[in-house]
Amino acid sequence: MNPLAAFKAALAALKLNALRSFLAMLGVIIGVASVIVMVSVASGAGQAIEARIRSLGTNLLVIQPGSYTSGGRRSGEGTALALSETDLAVIRERIPGIAAATGVVSGSAPIVVGNTNWTTSIDGVSADFLEVRDWELAEGRNFTEAELRSAAKVAILGATTARELFGDAPVIGQQVRVMNVPFTVVGLLTPKGQSGFGMDQDDTALVPVSTARRRLFGAEKTVQDNLKRIMVEVASAEEMSDAQSEIETLLRQRRQVRMGAPDTFQVRNMAEFIRTRSETQNILSLLLGATAAISLIVGGIGIMNIMLVSVTERTKEIGARRRDILSQFLIEAVTLCLTGGLIGLLIGGSAALALATWGAWPIALSPSLIFIALAAAALVGVFFGYYPARRASLMNPIDALRYE
């Protein structure tokens, strides 16, 4: 039998019992719609979280002081001897594969413009900060080497801070006061949004690291050129582990950490953080997909049931060649499932878009997901339609006529 003729015959047979065909397809419709909604929402949420984590910087190592131990007591993280500009210089000089590195001195203070004030985080940074954080300027310029050396009173504002202080007015060249120290705004950062930890990255202001120490937060007595953290961008992802290991070895030597003693610093690998999150997200997506696939299996059982009933009702066709009978009933089962899959795809895609539009949920509706959902529906039709089709093809015509 011609495949096109078999397909037309399948559609005609399904139209004869339209309500029964729709009820048989219902399980497949629900299954495909569930797969589309669950997997697209899970993938979209994963991509949104990963984008926020990546906004912290690519191939990034973050070095911070660890805990301090005295008399058997361990204090909290960050209480050990501070890092220094010398540590930063040695890391730049001795560790291969470093693309850029910056030191940071952090604090919080109100910024005042006229009668408006806004308390925000203030980071004292070196010249490579924007490169390490993969952060571009929307307007203005970066700090110059002369400004970094001389502790110049210049600032770069984040998008949130600029909006709260100036609204829609221009910010470049404006004067602000931080802890009664006047600063000139020389740059405006592009918006980054929330970090992977839920913090608004745009609610910030940057000043030269030397300015932060001399004019705002002061230097530590034990480490005059102190840094709260060092951020290192590695040239490639393949060099991340080696760079981390070499930095840890170097800092153990510089900070005179005894063999077997806990490190007095931390080196956090953001690439490992991203990889761990991605693995967790993949497991979650698989679980959601498996849950939705159960509906497809239930729908397939319904398809098998309807096809078995159809075999007993259409005995006049059993007299044809076995190959034609097998293909005819199999095409009907696949058509039933594919039609249900297309309806489920339409419903699931509409539901996912509605969640993205009205519920502000991030979604990722990829062409591969659509193909997989339709292929799964077709496989369900083949798998659950084969037994009824084979049963019909093996039926003896004389026995079939006895049902008439």
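The values are calculated or read from the model by the stated rules, or taken from the named source; none is laboratory data. Just so it is clear, the model here is predicted, and its values are computed rather than measured. Positions of Cβ are generated from backbone atoms using ideal geometry, with glycine treated the same way; all protein chains shown enter the neighbour counts. Note: accessible area is taken over every heavy atom of the protein model, side chains too, but ligands, DNA and RNA are not part of it. Shrake-Rupley method; radii C 1.70, N 1.55, O 1.52, S 1.80 Å.
Take the residues of the range 118-143 that are assigned to a strand (DSSP E or B) and either without any contact (Cβ under 8 Å) to a residue 24 or more places away in the chain or in contact with a Lys or Arg (Cβ under 8 Å, 6 or more places away or on another chain) (or both): which is surrounded by the most Cβ atoms within 10 Å (Cβ to Cβ)?
Gly124
Within the range 167-207, how many residues turn out to be farther than 29 Å from Gln47 by Cβ and not aliphatic (A, V, I, L, M)?
Residues flagged as farther than 29 Å from Gln47 by Cβ and not aliphatic (A, V, I, L, M) within the range 167-207 amount to 12.
Condition check ((1) among the aliphatic types (A, V, I, L, M); (2) at pLDDT 75 or above; (3) open to solvent by 10 Å² or more (accessible area, probe 1.4 Å); (4) at positive phi) across all residues:
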{"position": "Lys8", "(1), (2), (3), (4)": "no, no, yes, no"}
{"position": "Leu16", "(1), (2), (3), (4)": "yes, no, yes, no"}
{"position": "Val35", "(1), (2), (3), (4)": "yes, yes, yes, no"}
{"position": "Ser55", "(1), (2), (3), (4)": "no, no, yes, no"}
{"position": "Thr58", "(1), (2), (3), (4)": "no, no, yes, no"}
{"position": "Glu93", "(1), (2), (3), (4)": "no, yes, yes, no"}
{"position": "Pro96", "(1), (2), (3), (4)": "no, yes, yes, no"}
{"position": "Ile111", "(1), (2), (3), (4)": "yes, yes, no, no"}
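Specify which of the listed residues (Ser327, Ser350) is closer than 26 Å to Ala24 by Cα, at pLDDT 70 or above, under 36 Å from the mean Cα position of the chain (by Cα) and of a type in the set (Ser, Thr, Tyr).
Exactly one residue qualifies, and that residue is Ser350.
Report yes if some residue within the range 144-153 is over 21 Å from Asp128 (Cβ atoms), under 36 Å from the mean Cα position of the chain (by Cα) and free of Cβ contacts under 8 Å to residues at least 60 places away in the same chain; otherwise report no.
No, because not a single residue in the range 144-153 is over 21 Å from Asp128 (Cβ atoms), under 36 Å from the mean Cα position of the chain (by Cα) and free of Cβ contacts under 8 Å to residues at least 60 places away in the same chain.
Here are the criteria: (1) under 20 Å from Thr102 (Cβ atoms); (2) out of contact with any Gly (no Cβ under 9 Å at 6 or more places or on another chain); (3) open to solvent by 30 Å² or more (accessible area, probe 1.4 Å); (4) not in a loop (DSSP other than H, G, I, E, B). Tell me which single one Glu239 does not satisfy.
The number of the failed condition is (2).
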